[in-house]
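Reviewing the structure listed below.
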Amino acid sequence: MRSRNPVFSRRGFSRDNGYAGFNAAPQAGGPAVATQANPYAQPTGNPYAQNPYAQADQQHGAPPQAPATTGRMTIDDVIIRTASTLGLLIVTAALSWALLPVDDANISRSYGIGIGAALIGMVLALVQSFKRKPTPALILTYAAFEGVFLGVISSIVDNRIADGAAMQAVLGTMAVFAGVLVAYKAGWIRVNRRFYGFVMAAALGFILLMAVNLLFAVIGGGDGLGFRSGPLGIIFGVVGIILGACFLALDFKQVEDGIAYGAPREEAWFAAFGLTLTLVWIYMEFLRLIAIFNSSD
């Protein structure tokens, strides 16, 4: 299935129908339902037919639930690639924090470097989003530039607004990740078409409001319409975190479907890319919330 994210709509495991993976395999590790179409099989042929495992699955007409092989994506592949992406992001964030001071004499230069890194990271993420296959070098480069931005912005908030804000945002992000994972595996979150439609509609509205607010801020200065500061900023920050949690559930579903349907091992980079985008989103919302709470003191 395609990977859905509040920042970018990136390509994912389904090559034909964006909804193909929903309900195709039961949630939380249950057996696959044979009556549903395999999202890796198309009317004109399986796009992964060169993979002997995927070809055998198509011939038998059932989603695979086979042991790990060298040709298939496994949960270990997803964990390793996600750890690589997040690890690189953390290293570059730490380096930018240490090497780019945010005192009065240097804050403008450091902030400019951070914004530049964010723009480069956004371009790289967009490029990867429109590619049919993941490019590990592109994903890792995105993570490196995103880390520079996060390191600068975290240092500014931590040193000039709220001491300890970065660690609080990290802990909050970890708590959301763990909570959503537990809820998903326990079956408390059911990822289906209705869930997907609701989340995407809410995310679209959220992003449009933030874009309008940014436009007013650029034209009129200040906080624009006030959606990212004060009481409204707190409300929208909480909504942003909830949306991030919903997209985590979609990411978990995509990983589960990819493993169940025998996605090629390279697709694990898509999973790592999507999870990184979502976790960065949640972290930034926590950091913004902490900054708003401390600014109002």
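No value in this document is a laboratory result; all are computed from the given coordinates. Here the structure is a predicted model, which means the values were calculated and not measured. As a convention, Cβ positions derive from the backbone with ideal geometry for all residues, glycine included, and neighbour counts pool all protein chains shown.
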Positive-end residue, the stretch 140-291 charge dipole about Cα centroid, Cβ charges, pick of V176, V157, A268: V176
Cβ-defined net charge surrounding I107, 14 Å radius [Lys, Arg +1; Asp, Glu -1]: -1
9 Å beta-carbon shell around A271, net charge (K/R +1, D/E -1): -2
